Every structure is written in C-alpha cells, then in structure tokens.
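The values are calculated or read from the model by the stated rules, or taken from the named source; none is laboratory data. Because the structure is predicted, anything quoted here is derived from the model rather than measured. We place every Cβ from the backbone using ideal geometry, glycine too, and count neighbours over all the protein chains shown. With ligands, DNA and RNA removed, areas are computed over all heavy atoms of the protein, side chains included. Shrake-Rupley method; radii C 1.70, N 1.55, O 1.52, S 1.80 Å.
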Amino acid sequence: MKSSYILQSSGDSAELIPVFAEGDEQNLRQIQVPQQLPVLALRNSVLFPGVVMPINISRDKSVRLARAAYNSDKKLAAVMQRDAKLDDPVFDDLHKVGTAANILRMLEMPDGSTTIILQGTRRIALGSMVSDDPFFVANVEALEDIIPPPNENYDLIIGSIRDVSMTIIKLSPHLAPEAGFTVRNIDSKQFLVNYLAVNTEVSGDEKQKLIEIDSVEQRASALLEILLRERQALELKSEIQQKVHKGIDRHNREFFLNEQMKAIQAELGGNPVEQEVKQLREKAKTKKWSEEVAAVFERETVKAEKMMQHSGEYPVQLNYLQTLVELPWGEYSEDKLDLDEAQKVLNEDHYGLEEVKERILEHLAVIKLKGDLKSPILCLYGPPGVGKTSLGKSVARALGREFGRISLGGLHDEAEIRGHRKTYVGAMPGRVIQTIKKCKLGNPVIILDEVDKVGNDFRGDPSSALLEVLDPEQNATFYDNFLELDYDLSHVLFITTANNVSTIHPALCDRMEMIEVSGYTQEEKVEIVKRHLLPRLLKDHGVQPAQLQISDALVTYIIENYTRESGVRGVEKQLAKIIRHTAKLIASSKDYSPQLTQGALQEALGAPKFIRDKALDNAFTGVATGLAWTPNGGEILFVEASLSKGKGLIATTGSLGDVMKESAIIALEYVRAQADFLQIDPKMFAENNLHIHVPEGAIPKDGPSAGVTMVTAIASVFTGRKVRCGLAMTGEATLRGKVLPIGGVKEKILAAKRAGITDILLPVENKKDIDEIKKEYLQGLTFTYVDAIKDVLKFALEGV
C-alpha cells in the first residue's frame, strides 16, 4: 500500500488536502457528469470515485488539457491507457471505463514538471471521440455503482478488508504509520474500498478490473482477495527474515553487508560481477584463439555470471577466465633472422661458449631458410658460475624474444608443472603457463634452471611431468590441469641448465640436446673480468672507470689466490669487495691511488685464501699426481703410497669412496702380477703393509679415473723409482692392464695447467676430446696417449 495523505505547499503557507472526498456516497451520486469531457490518459494509474490523487503530467497534450480544464470548469475524465509504454496513445489505446474528476490544484514543480491533484467523482464509460486536437474530447456516460442493501456478508467483507489492510501496514516497513490512522477513520464503506483499491501495491490492470465492477460488494470481495494475497506474501517474507535472523552468524552478517554494498555499487555504477565479466568479454574479442577455446570461454563466462560474488568458487572462476584472456593464443614475436647481428649480441654478452652460440645460430639459419622450425630443447650442463643461466637472456635478446625463467631446484610437486585442478581452493596454472602469461607472447625463451635438482615425493614426480613439456613431438598439445585445455608450447625455446647430468631422469636426458659448458681458463676469466664483470660492477657501485683501474696481472693474482672455481662467481664477489672498499675511500675524501696495487688489494681482500696447487718435484718415491673432476671444475690430486713392515695388508685413507678403494685393490693386484716386469721381489708383498693416502682428507673423493695414478704410486714405492717430474695422469685401470677412457677432460686439463704441469698421460680414447679443445688452452702442455698400464709405467717411472 502507498502513502495516504497529500501536503500542498505554496509560498509561506501549507495546506493539507484530504485523501478522500468529504460527504457520503449520496453526495457523489448526485454529482452531474457532462455529456462531453476532455479525456486525460493515465499511464499506470486508476482513479476511483471519492479518492484524491496527485498525478504528474509531462506530455504536451496532457499539459494543454490540464490547463484548459483548470481555467474553465476544472472537470475531466481520467482513463488508463492499455499500454503504459506508449508516449502518444490514440483514442483506441484507452480503456473504456474510467472516472470523472475535478482538478483541485495545479502545481508547477521546481524541476519544470506539472502536477495536478484530482478528486474522483463518478465512474464513467467512454463513448465516441469528439476531438483529438489539441487533446482528446469524448462523449461520456455516468455509470451507477450498485450499492448492496445492509447485510452481514457485506459487513464481514468490509471488516476483513479493514483488518487485513492494518496488518499489511504493520508488516510493510515502507508504509508510514499515518496510513493506519487514515484507514481507521474512513467510515464510508464505499470510500474505504475505493481508497484501498487506489493505494494497493498491485498492477494497473488489476485496478482497472476493480473499477469496471459495477457491484460495490463484488468489488469489495475482489479487493479482499488482492489484500489477502499481499498479506500472505508479506507474512512469508517476514517469516523468512525471522528464520534468517535467528540463525545468523558472523559469516551471514558479512554476507548481508556485502549484499548491501553490492546494491550500493549497483546504484553507483553497476554490478561488479557484470563489470568484470564485461571487461573479460571485451578482452576476449581481441584473442586469436580456436573455436574450442572460444566455446569454453563462453561457457565458463556464463557460469561466472550466475555465481555470487562472495561465494568461494567465484574467485577461482574469475582467475580462470582472467588466465584464459591473458594467455597469448597464437600471438608470437617475429624472430630476428640476421645471423651476423645475432652473433654480435651473443658475443657482447658472453665470452667463449662457442658451441652453444653455434647451435643457436644454426637454429636461426634453419628458420630463415624454411620459415618455421620446432624449437629445440637445449640442456646446458657444467660447473656453477660459468654463465649457463645468463646465456638464456642473451639468446632471447639475440632472437628478439621475451625471456622467462623457472627455477626447478627443490621442486617436489607435479602440480607446479601441470597446474592444480580448479576444484582446489587457491588453484592456479602451472609455472610453465604462468611464465608464458607473464611474457605475453607464445614464443619466449624459457630457462628451466637446475633441472638436475628436481625431487619427487608423494605429491608426484615433476621430472615425469617435464617429459611432455620438453618433448617437441608432444608439447604442441600440452595439457594444463587448471586450463583443462591443450596449449601449444612448440614455439617456445626451452633451455635447461644442470650441474650434474647423472641425476637427471634418463628419459628427460633423451629428449634434450646436451651441450657441455665447461669451466673457463685463467686467460678466459681475465677477459671476462675486463669485458663484462668490471665495467658492470663499477656502474652498479657508482664508481667511474677512471677512479679504479685494475691491471691484468692483479686480476690474475685475484683469480689464483682468492678463488677456486671453474666459473667467475667468486671472482665477481672479490671484485665487488674491492670496488666497495674504493667507494668508501672516495666517499670519505681520502687520498688513494686509482691504479690498484697489490698492497691495496690485500688491504681490501685480506691475506690470500687459497694456495695454488703446484706440481710436486720428484724428491720422493711413491707419490704420483692425478687429475680429478669436481662440480666446481677440475683439480689435481696427489696419491701417496708408503710401505711398512707387516703381513701384506692394504689400508686406504683420505675419505675415499667405494670405487676408489676398489681401484686401489686393483692397482695393488696388477703390480703383484707384474712383479717380474717391474723387477720387484715377490717377498716384499708378503712382508710389508701398503698404505695409500690421498691428501685433503676432509673432502670426499670417488671415481675410477685415479686408477692409473694409484698403479703408478704403488709401483713407484715398491720399485724405489721416482715418478717423472711435471707429470700428471688420469684413466681407469683394469686387472688386464688396460687403460679405459674418462670424462671431464677439459676441466682436468685446465687444473693441470694452473698447477704448472707440463706432461699429461691420457687414455688413447680421450684423444678426440683434446681435438675439440681450442689450441690456446693447450699451449705449454704435452700429451701422451696410452692404451696399456705398461705404457704408463714405462713413461712415468724413471729407469723402467
């Protein structure tokens, strides 16, 4: 029901206009209705006899009618039009039954609109139209209301109407308390029915049906049905609200507050869910995705529109749609196919690494000739600090592609690669899809760092998940659990890095093109410092090149005495320390020499931390120099053998692994078997205990490549012959006296060169490795290739 009183204000005075006509039904029935009346078309309102009602008019025809009537006899006919949406109805668009009315007031409102206050008098029926210009004028006929004689049924209906309407007023929070006062004070039964018919919250069509009923008793009965229906709806609503309030908790309070906020936001600028979905649809229009992806996007978008903004599923659904539109579907950057320019970029960023650079240039050459090529999967393996990871950025710059990096070290969960299913709270795509989304193009260069350090547990095996990512035949349809769609990774250039190839999944190794990135020589490190490290570090620390100059000799001194590595990470740290020390002197305005001296160097770095490995002279028997490979590069190691009176026992010390212990036993047995060749008295083996020691006992050592070194040391101690000065060797020994090939040749040669070794014994099958090494690395070294241990002993021992 609506408000039930009208307050008219004019200047300094205010007048309260009654909401129903004064007098009784008899007075209304005595009012004479003219044969012709101007007809006012109402959009969605019905005026009843005896009721006073304000009407806002805005149509020109209605305003002209109201002014003409107000300036004459103030009479008109108010009739509802059949379709409220019509702005300019014709006469046939009007209902045939309406109400004759008097204009009580005509008000010009501040906003420019016009309001007239009408008092209904008699029901009328429209006849023929007399005129439609400038407004409708029609013949009308007064309709008589059939007033029932006093009877109990009519009284009960009116009483029920009064009670039900009072209940509705109490249950409706938007109705003023004065409405109840008005209902209680209407004595006329016909007025009460007409008043409530006007103010009931029902459609205009239902009100029109009421005014067309001639019998007042029947009209009252129909009104009672409407009021009972309205009361039932309000009671059900109130009951639901009471149940909700009884069980409401903190979560529900927040929900209702959020719903209110949602309503406020809708008033201010629309529903946030609708706005977000609209933005996603706008982005989707620019996507070059397939029909399958477009269908999935549309289906999931419709699902999101039906969700509550504060439900637990909505953020996951929104994240899914945002991921879909942010992923580059068929969007690729154009590769730079200038081979000379690409080689220039690679050389600018990295010194050396020729094999890697050559492979990238080959890839570019094929693309240039063919126009398309599935990207290869490269695996760069080698010691830390040699530039494997930074090489990926250079490759991306050379190709003109975006760059992304995924660290796999310590990864245990397969979902990190394949993504989480949307059913999980906090679900997200795998790192591969996330990286491509970040790059915003479908053909970036992605570094998979530390692929050899991937773990596995009850959550799955990430190495197995990588099999699909790194297989050129499969990754064109890579399936991410979060996307639930196939995504094409065949245009992505994956570069993996590793320190130790032996810990990589064998099937994964088979899918990758293995490229060894070995350690740098001392000369290469000096060049890297001059070309890359020193200029960058000076810039990072705000020191000008003229304020600090370091000679090549001092760079070499730093490398030899403050670092022990295959890469340049340690050198970089020491240089940074020197530059910080210089920056402090500059900032303190202290005198110093821009040309770094050895004294200033030691002041910044302290005393030398490492003593350079040097080849031993041949002053002692039973000592041989071997070559070893470590994750940090090559090293030289000394195998010491000594005899003591005993019963022919053998002891090994120096943190040797099982393989090295077995090599020691093999070496001793071989020397026993060749006692005649070496001119050794067989009794010496039974009367002496043999002790083999490898210095630096705190460092674990293992592997078969020290076999020939142990044979040489044992033969030396038993024969009393010294080992050739400046000689180092490596190779696996067998009981048959064969020398088997080994790995890590380049690193071992670099270690020998640093230690001042001049002669190196290598297995004959490793000659191919020497042929692949640059000649400048081999200067000052003499190589002897052997196939049998006898050849080793003939070359290594004096007098054999």
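Peptides 490-502, 335-347 ranked from most to least packed give 490-502, 335-347, packing being the mean of other C-beta atoms within 10 angstrom over each peptide's residues.
Sorted largest first by accessible area at a 1.4 angstrom probe radius, with every protein chain in place, the residues CYS725, CYS509 fall in the order CYS725, CYS509. Hull volume per residue, based on the alpha-carbon atoms of segment 282-401 and their convex hull, is 168 Å³. With the biggest extent put first, the Cα atoms of segment 464-543 measure 53, 31, 19 Å across the principal axes. Translational diffusion of segment 644-687, estimated by Stokes-Einstein from the Kirkwood radius over alpha carbon pairs at 20 °C in a medium of 1.002 mPa s, is 185 µm² per second. Please report the carbon-and-sulfur percent of the accessible area for segment 531-597; probe 1.4 Å, protein heavy atoms only, DNA, RNA and ligands left out. Accessible surface attributable to carbon and sulfur in segment 531-597 totals 50 percent.
Rolling a 1.4 Å probe over the protein heavy atoms gives the chain an accessible area of 49 Å² per residue. Extents of segment 424-483, largest first, come to 34, 30, 21 Å (Cα atoms, principal axes, whole angstrom).
Quick one: go through segment 132-152 and flag any residue whose amide nitrogen is under 18 Å from the point 7 Å out along the Cα-to-Cβ line of GLN36. It comes to 132-142, nothing else. Placing unit charges on the Cβ atoms only, positive for Lys and Arg and negative for Asp and Glu, gives the chain a dipole magnitude near 2380 debye about its Cα centre.
Both radii come from the Cα set of segment 403-510: Rg as radius of gyration, Rh as Kirkwood radius; their ratio Rg/Rh reads 0.94. A simple spin-label model places pseudo-atoms 7 Å from Cα toward Cβ; at ARG184 and TYR557 they are separated by 10.9 nm. Over segment 102-184, what portion of Cα pair distances is larger than 17 Å, expressed as a whole percent? Looking at segment 102-184, the distances longer than 17 Å represent 74 percent of pairs.
Remark on PHE136: its backbone amide H falls under 5 Å from those of VAL39, a criterion applied only to residues 5 or more positions apart or on other chains, H modelled at 1.01 Å from N.
Length, then width, then depth: along the principal axes, the Cα atoms of segment 62-147 run 42, 29, 22 Å. The lysines within cross-link reach of LYS285, meaning a Cα-to-Cα straight distance under 18 Å and a gap of 8 or more places when in the same chain, are LYS437, LYS440. Within the straight-line cut-off of under 30 Å between alpha carbons, the lysines reachable from LYS590 are LYS530, LYS539, LYS573, LYS577, LYS609, sequence neighbours fewer than 8 places apart in one chain being disregarded. Applying the criteria of a DSSP loop state and at most 14 other Cβ atoms within 10 Å to the trypsin sites (Lys or Arg not before Pro) of segment 619-664 yields LYS647. In this structure, the amide hydrogen of GLY127, modeled 1.01 Å from its nitrogen in the peptide plane, lies closer than 5 angstrom to those of ASN139, VAL140, GLU141, counting only residues at least 5 positions away or on a different chain. Dipole of segment 53-151 (Lys/Arg Cβ +1, Asp/Glu Cβ -1, origin at the Cα centre): which of PRO89, LEU104, ALA142 lies farthest to the positive side? Most positive-ward Cα: LEU104. When each of the peptides 380-391, 89-100 is scored by the mean number of other C-beta atoms lying within 10 Å of its residues, the order from highest to lowest reads 380-391, 89-100.
So how do 35-48, 208-221 stack up, highest first, on mean other-Cβ count within 10 Å?
Values: 35-48: 21.2, 208-221: 18.2.
Per-residue Cβ counts within 10 Å, averaged per peptide and sorted highest first, yield 35-48, 208-221.
In this view, the solvent-accessible surface of SER128, computed with a 1.4 Å probe and all protein chains in place, comes to about 70 Å².
Projected label points at GLU331 and HIS174, each 7 Å from Cα along the beta carbon direction, are separated by 4.6 nanometres. Counting pairs on different chains as well as pairs 8 or more places apart, how many Lys pairs in segment 294-426 have Cα atoms under 20 Å apart? Final tally of qualifying lysine pairs is 17. Gain on full extension, evaluated as 0.36 nm per residue between ARG405 and GLU206 minus their Cα-Cα distance, stands at 64.6 nm.
Close amide H pairs (under 5 Å, H built 1.01 Å from N) link THR496 with LEU378, CYS379, LEU380, LEU448, residues at least 5 positions away or on another chain. One quarter of the surface of the convex hull around the alpha-carbon atoms of segment 167-213 equals 3.6 nm², the direction-averaged projected area.
Among rounded, prolate and oblate, which fits segment 110-237 when a ≥ b ≥ c are the square roots of the eigenvalues of its C-alpha gyration tensor, a/c under 1.5 means rounded, and a/b larger than b/c means prolate? Here segment 110-237 falls in the oblate category. Taking label positions 7 Å along the Cα-Cβ direction at both LYS768 and ALA619, the computed distance is 4.4 nm, reported to one decimal. What's the whole-number percent of alpha carbon pairs in the chain lying beyond 39 angstrom? Here the tail beyond 39 Å accounts for 65 percent of pairs. Per the Debye calculation on segment 735-800 with a single equal scatterer at every Cα and no solvent contribution, log₁₀ I(q)/I(0) for q = 0.14, 0.17, 0.19 Å⁻¹ amounts to -0.43, -0.63, -0.77. Dividing the helix sum by the residues of the chain, where each DSSP H run of 4 or more adds -39500 (n - 2.57), gives a mean residue ellipticity at 222 nm of -13000 deg cm²/dmol. A 1.4 Å probe, protein heavy atoms only, puts the accessible area of TRP629 near 100 Å². Net charge dipole, segment 502-621: roughly 580 debye, given to the nearest 20, about the Cα centre with Cβ charges of +1 for Lys and Arg and -1 for Asp and Glu. If R0 is 41 Å, the Cβ-Cβ spacing of ALA651 and SER593 corresponds to a FRET efficiency of close to 0.15. Applied to segment 578-585, the Karplus parametrisation 6.51 cos²θ - 1.76 cosθ + 1.60 on θ = phi - 60° returns per-residue 3J(HN,Hα) values of 5, 5, 5, 4, 5, 4, 5, 5 Hz, with x for Gly and Pro. The apolar share of the surface of segment 445-525, taken as the fraction of accessible area on carbon and sulfur atoms (1.4 Å probe, ligands and nucleic acids excluded), comes to 46 percent.
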